[in-house]
Amino acid sequence: MKRQLFIAAALTGTLALAGCDQADDSDQNASADTATQTEQSTASDQAGQGEQDGEQQASKTLEGVLEFVATETPVSDDAEVTVSLLDVARADAPATTISETTVDVASSGPVEFSIDYPTDQVDPGHAHAVRAEVRDDQGDLQWTSPQRHQVDVGPDAEQGPITVTLEPVASQGAIAGQAMEDTETAMNEAGNAVSNATGDAVDAASEGAEAAQNTAGDAVDATQNAAGDAAEATQKAAEETTQDVGEMAEGDTSSNQ
């Protein structure tokens, strides 16, 4: 009986120790799982922060001010200005649009703008410019920036704020029309000058030809007169020679008799 009790007590102690060992293993496993989850969460946060930093580095922002020249052409109250970043490296091809944005215009006063662009879509070795334009509801161009506003772009670019000046298309057309009119006037004046110079040259050539003809006529007359004089002198000399020969012959005859 005592032996059986002893065996039962030993078995109970063994089971208790086994239970403690299993509890310790479970606590260790739980701690290990918690540490693993913490490491994974930290790595995920770092990856997300790295992606955000990469996104920030992959895009940059150009800032500036839009100005409208003072003209009698009003800017529509509901006008929208489209601001575009263009690659204008090739003069023989249309510009390539890199990015664009729209700005609401409440008046003709200066308006601030900003335009984001992806740095991997630009080539720092190319020429880039900002263009602004206003179109009406039918898409007709009303205002535009006729001058080239060149900017520095790229991951390392340090471009400061720029000022983009817009002019009404009507005034540009008037300027172009005046330029065409001035060109036409200049061409007409040049044509008249050429015509006058040509007429003067023709008159001078005609006068020269007439003078040459007169000179040639005088030379012919002089030649004819000289030839006539020479013929007359020759005939007179021949007659005198004939008379002298006759007189000599008569003198010889008288001497012989």
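The values are calculated or read from the model by the stated rules, or taken from the named source; none is laboratory data. Treat the numbers as computed from the prediction; the structure is a model and nothing was measured. We place every Cβ from the backbone using ideal geometry, glycine too, and count neighbours over all the protein chains shown. With ligands, DNA and RNA removed, areas are computed over all heavy atoms of the protein, side chains included. Shrake-Rupley method; radii C 1.70, N 1.55, O 1.52, S 1.80 Å.
See the values below:
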quantity	calculated
Residue within the range 151-171 that is hydroxyl-bearing (Ser, Thr, Tyr) and either open to solvent by 90 Å² or more (accessible area, probe 1.4 Å) or at pLDDT 70 or above (or both) present	yes
In the range 56-72, residue modelled with the lowest pLDDT [restricted to those that are touching a Ser or Thr at 6+ places or on another chain (Cβ under 7 Å) and not in a strand (DSSP E or B)]	Thr71
Subset of the range 109-150 [open to solvent by 40 Å² or more (accessible area, probe 1.4 Å) and over 22 Å from the mean Cα position of the chain (by Cα)]	Pro110, Glu112, Ser114, Asp116, Pro118, Asp120, Arg135, Asp136, Asp137, Gln138, Asp140
Criterion violated by Ala93 - all others in (1) in a loop (DSSP other than H, G, I, E, B); (2) modelled with pLDDT of 70 or more; (3) in contact with a strand residue (DSSP E or B) (Cβ under 6 Å, 6 or more places away or on another chain) satisfied	(3)
Criterion: buried (at least 17 other Cβ atoms within 10 Å of the Cβ), in a strand (DSSP E or B) and at pLDDT below 95 - qualifying residue of Val83, Val75, Val103	Val103
Hits in the range 106-116 (condition: assigned to a strand (DSSP E or B) and touching an Asp or Glu at 6+ places or on another chain (Cβ under 9 Å))	Val111, Glu112, Phe113, Ser114, Ile115
Check on Arg90, basic (Lys, Arg) and within 14 Å of Leu62 (Cβ to Cβ)	no
